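A short reminder: the numbers here are calculations on the coordinates, not readings from a lab. These numbers were taken from a predicted model, which means no experiment stands behind them. Neighbour counts are summed over all protein chains in view; Cβ atoms, including those assigned to glycine, are modelled from backbone coordinates with ideal geometry.
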Amino acid sequence: MLDFFKRLTGSNIQAPPQWLDEFRDNHKRWFVFLDKLEEKMDELGRAAVPELIAAMREDADPYHRVHYNMLLGVKGQYHHIRGKAQQVFEEKVAGFFNFNVGQQAFGSEFYQLLQDFYDDCTGRYETFEEKYLSWLDLLDEIGAQDLERQYQAILHEYEEIKDRFCCKQCGAQLSIPKLFFINSYIGCPYCHTQNTFEPSMQAKQLEHLGRSLAEQRTKHLLKAYEADKNPASYERYLREMFDEWNKIVPDLQSQNERFYERMLEDFRRYPSL
Amino acid sequence: MSNQENPLLAPIHGISLKDYAAIAMKLSTGVTEEEIFRALGIDSVIWDEVNTLWGKRMQEDSSYELVTLYGQYFMEGATHPKLESMQAESTAEGNENLEKITNDRYFYEELCGARQAAYDYGIDGAQWIQDNYGINLGDFQAVAMKWMTQSDYNDMHQFIDYQQQKQKEYAEKFPAQQGGNVADDVSF
């Protein structure tokens, strides 16, 4: 913490302004306040993360609604904590600074004191924000980690059942030719009955998780673009993300390629968005 | 724009975008798939493909025409000629509240604010509205579309402010009902 109080030397000091006590008080309390809020974020995270992981693993609902609602609640608490910090910053740091700095001569000692106070408190606030964002990233990671596991489970399930489908009419054993994620017709070559094959709830999630999993697998390329802002980096990310998506859901490749063309065109037209 | 001008509007297995939006609207109100399939002469295989492909067409449509039309047709879904007679079960109170949000913009905005505050607190907002006001998600969304298309730019700010004010009020009510927030004991 910058100890700018020591800069108030006896011989050069102007008459101390009325806000000086409040200034010292606000500075000290702001740091303590953020320390306490960060402790709360850590406590919340330590308690919530294992429960969220368990909820994700144990929730049989393919849409993971129990996990989703729990995640919303936890994130809501983080937003509430951040909201408290924001409110106090606006009143006791920015508000205090803006109210008093206008009354000081530009470049004067007290003007600089206020500026240092603002910079110091803002710096501490940025550290708090980073912690808040890192907790939110971790919470999102919990859901993301599960995508690969879900996908492998879908593939494994298909291997288990692909030769176990029987014709509803004559009972002949039929082979499921590929991994279906929607209800599909499977014709019986023996009695020519048109059977309806309904995939499991798990398999039906393939299309929903396809893009998210593809984005997860290529996240490092998106981060590279966010770091260098080179349009070629984004176009590389987009192409590879869609390539991954097409591997995961090959049946929608022609539709996804048209979607890729649209996204590429949008990016080239509005690269800053 | 006609199908000839925008080929993405061509029906899929005979199901137009208007049909698709109406089906989605009716399903979200609780009407069963079986009733809808019977009315339209389709089965689950056809529906699954239609449901997948209309979504993909909206993704590839850079003009946003499909998404815009879908929203409009969803709102009009209650009056689709083949589906309008289909109603999910509802209560008298639910019907009364539905009429209220359809005609009273401030009540609608209050429920929007409450719903968001519920989600922020980890409560399923749509379910909260169903449980407390008897309005299902499909009907609520249809009313949302109606208000969206009727919004005047000059009025928009007052409704946004009102909704946010209500969201703040409910953001205090929900924790108060359930034990508070984790950082309530931390003050400046």
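Descriptive notes on the structure:
- The simple spin-label model puts a point 7 Å past each Cα toward its Cβ; for A:Glu257 and B:Asp43 those points are separated by 3.1 nm.
- Folded to 0 to 90 degrees: helix A:65-88 orientation relative to chain A principal axis, Cα: 10 degrees
- Links that overshoot a 19 Å alpha carbon limit, given the list A:Lys178/A:Lys204; A:Lys204/A:Lys247; A:Lys36/B:Lys166; B:Lys100/B:Lys146: A:Lys36/B:Lys166
- Rounded to whole Å, the principal axis extents of the Cα atoms in segment A:185-245 read 61, 20, 10, largest first.
- A viscosity of 1.306 mPa s and a temperature of 10 °C, combined with the Kirkwood radius over Cα pairs in Stokes-Einstein, give a translational diffusion coefficient for segment B:1-94 of 114 µm²/s.
- Segment A:164-203: C-alpha gyration tensor shape, a/c 1.5 cut-off, then a/b vs b/c: prolate
- Here's the picture: charge each Lys and Arg Cβ at +1 and each Asp and Glu Cβ at -1 in the protein assembly as shown, and of A:Gln115, B:Asn136, B:Gly125 the one pushed furthest to the positive end of that dipole is A:Gln115.
- For chain A, the residue among A:Phe181, A:Leu138, A:Val101 whose Cα projects farthest onto the positive side of the dipole built from Cβ charges is A:Phe181.
- Once the Cα gyration tensor of segment A:210-269 is diagonalised, semi-axes √(5λ) in Å: 20, 14, 6
- For A:Asp228 and A:Tyr190, the difference between the fully extended length at 0.36 nm per residue and the C-alpha to C-alpha distance is 7.6 nm.
- Stokes-Einstein translational diffusion, segment B:56-120 - Kirkwood Rh over all Cα pairs, 1.567 mPa s, 4 °C, in µm²/s: 88 µm²/s
- Calculated Rg and Dmax of segment A:61-101 using C-alpha coordinates, Å: 17.3, 57
- Among A:Asp42, A:Asp146, A:Asp25, residue whose mean-square fluctuation peaks in a GNM of chain A (springs only between Cα atoms under 10 Å): A:Asp25
- When Rg and the Kirkwood radius Rh are both evaluated on Cα atoms of segment B:21-157, their ratio Rg/Rh stands at 0.99.
- Net +/- balance of residues flanking A:Arg262 in space, Cβ distance below 9 Å, scoring K and R +1, D and E -1: -4
- Computed from the alpha carbon atoms alone, the convex hull of chain A holds 166 Å³ per residue.
- Our note on the geometry: Cα centres of segment B:9-61 and segment B:91-120, 27 Å apart.
- Taken along its three principal axes, the alpha carbon spread of segment A:135-269 comes to 62, 34, 17 Å, from the longest extent down to the shortest.
- Helices in chain A, meaning DSSP H runs of at least 4 residues, each add -39500 (n - 2.57). Divided by all residues, the mean residue ellipticity at 222 nm is -23000 deg cm²/dmol.
- GluC sites (Glu not before Pro), loop per DSSP, at most 16 other Cβ atoms within 10 Å - longest free stretch of chain B: B:90-188
- Isolated Cys residues of the protein assembly as shown, judged by Cβ distance under 4.7 Å to other cysteines: A:Cys121, A:Cys166, B:Cys112
- With 5 Å bins from 0: P(r) over segment A:17-157, alpha-carbon pairs, percent: 2, 9, 17, 15, 12, 10, 9, 7, 6, 5, 4, 3, 2, 1, 0
- Here the Debye sum runs over all C-alpha atoms of the protein assembly as shown as equal scatterers in vacuum, and log10 of I(q)/I(0) at q = 0.12 Å⁻¹ comes out as -1.34.
- Rounded to the nearest 20, the Cβ-based charge dipole of chain B about its Cα centre (Lys and Arg +1, Asp and Glu -1) stands at 260 debye.
- Charge tally around B:Gly138: other residues with Cβ under 15 Å, Lys/Arg +1 each, Asp/Glu -1 each, net -3.
- Simple spin-label estimate for A:Lys28 and B:Ser90 gives 6.2 nm between the two label positions (7 Å along the Cα-to-Cβ direction from each Cα).
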